[in-house]
Amino acid sequence: MKEPHAPVLMNEVLEVFRDKKIRSFFDGTLGAGGHAEAILTAHPEIEIYIGCDRDPDALALAKERLKEWKEKLLLVHGNHSDLRKWMQEAKTECIDGYLVDAGVSSMQLDRPEKGFSFQGEGPLDMRMNPEGKLTAAEIVNRWKEEDLVNILREYGEEPRARAVARAILAARRNKKLETTRDLVEAIRPVARGKKHLHFATLTFQAIRIAVNDELGELQRGIEEGIESLCSGGRISVISFHRLEDRIPKNCFRDEEIKKRKPLGRLTILTKKPLGPSDDEVRKNPRSRSAKLRAAEKS
């Protein structure tokens, strides 16, 4: 696997936890370990760092990158929404720091065999976890028109969802759609996307989110994270589009509102989400849409 891109919003993530003493940390989307390496370096007091990822290839990269801290690491293959399970394995009752970097990683986009990208050609897979049962091929070749329309509208915000769904159905009547190029060519006549976006972007986003239940996983993961924080612990979430960003925004807001009642638990640390610097965008254009939200548990 090629060397992955630098993790986004590194300085902003470090700033969230800069003045906190951290004993236990949960990294729900470990990737190649870029954020982990920086956090472990900045916080030598960490006793246990739980690194979770659905992609076993990412875990293998992170294990090598983080070998200096192997005595502090618990690397787990699975969903970050299963946080309680991983905490039990780590024998920790609460966590002082929580980080999730939502969405698809550069490593996955850059590997044609994963089928995430409309650039080049690969199988219609899109599974973050290769053990998952649902694939992109299953969706485009077997789902009904209304089901396709629903995910294109809800997960892709595709303005021509009905036309795109019908184009997929028409194409699959002639032959099974097996590759990313098959899907691109099927929707080419009708898909428009949005300003500055390739016409296939929203369709691929919608199908990928459906394959991996990304929004449901993010919602459950954040709820588990809030429940599992120690008093004074901090939670941070990086998102890349509006559908992802509204989940931490709403979760944090709802918990902060409870502060007016006896059960209040969160103080929002980022009244507006933090974005990348101009310098970071120049170095890594994929960071341009990244947003960071953070909150602290009382």
If the cut-off is 30 Å between C-alpha atoms, which lysines fall inside it for K195, apart from same-chain ones fewer than 8 positions away? K114, K144, K249, K271, K272, K283, K291
Nearest 10 degrees, 0 to 90: what angle lies between the long axis of helix 242-257 and the longest principal axis of the chain (Cα atoms)? 30 degrees
Let me know the shape class of the range 109-212, please: from the alpha-carbon gyration tensor, a ≥ b ≥ c as square roots of the eigenvalues, rounded when a/c is under 1.5, otherwise prolate if a/b is greater than b/c, or oblate. rounded
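For the chain, calculate the relative contact order in percent as a whole number, restricting contacts to Cα pairs under 8 Å that are 6 or more residues apart. All intermediate terms of the calculation are to be shown ahead of the outcome.
Details: 526 pairs, mean separation 54.3, N = 298.
Relative contact order of the chain: 18 percent.
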Between 0 and 90°, nearest 10: helix 161-174 axis offset from the chain longest Cα axis: 60 degrees
Acute angle (nearest 10 degrees) that the helix 56-65 long axis makes with the longest principal axis of the chain, alpha-carbon atoms: 40 degrees
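Mind ordering 239-251, 80-92 by average Cβ neighbours within 10 Å, highest first? Before the final figure, lay out the partial values.
Values: 239-251: 19.2, 80-92: 17.3.
Most protected by this proxy first, the peptides run 239-251, 80-92.
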Residues in the range 119-158 near a label at E89, defined as backbone nitrogen under 20 Å from the 7 Å Cα→Cβ point? 128-133
Sorted by packing (mean other beta-carbon atoms within 10 Å per residue), highest first, where do 51-60, 93-102 land? 93-102, 51-60
Sorting K297, K67 on the 10 Å Cβ count, fewest up front, what's the list? K67, K297
Distance in nm between pseudo-label sites at R288 and K258 (7 Å out along the Cβ direction from Cα): 3.9 nm
Computed label-point distance, nm, for sites N11 and K271 using a 7 Å Cα→Cβ extension: 2.2 nm
Taking the Cα centre of each part, how many Å lie between the range 192-224 and the range 159-188? 18 Å
What three numbers, in Å, describe the spread of the alpha carbons of the chain along their principal axes, ordered from the longest? 60, 45, 39
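For R173, R286, what's the fewest-to-most ordering of other Cβ within 10 Å of each Cβ? Intermediate results must be reported in sequence, preceding the final value.
Values: R173 7, R286 15.
Lowest count first: R173, R286.
Here, each number is a calculation from the coordinates, and none is a lab measurement. Predicted model, so just to flag it, every value in this text is computed and none were measured. Cβ coordinates were reconstructed from backbone atoms using ideal geometry, including for glycine residues, and neighbour counts include every protein chain displayed.
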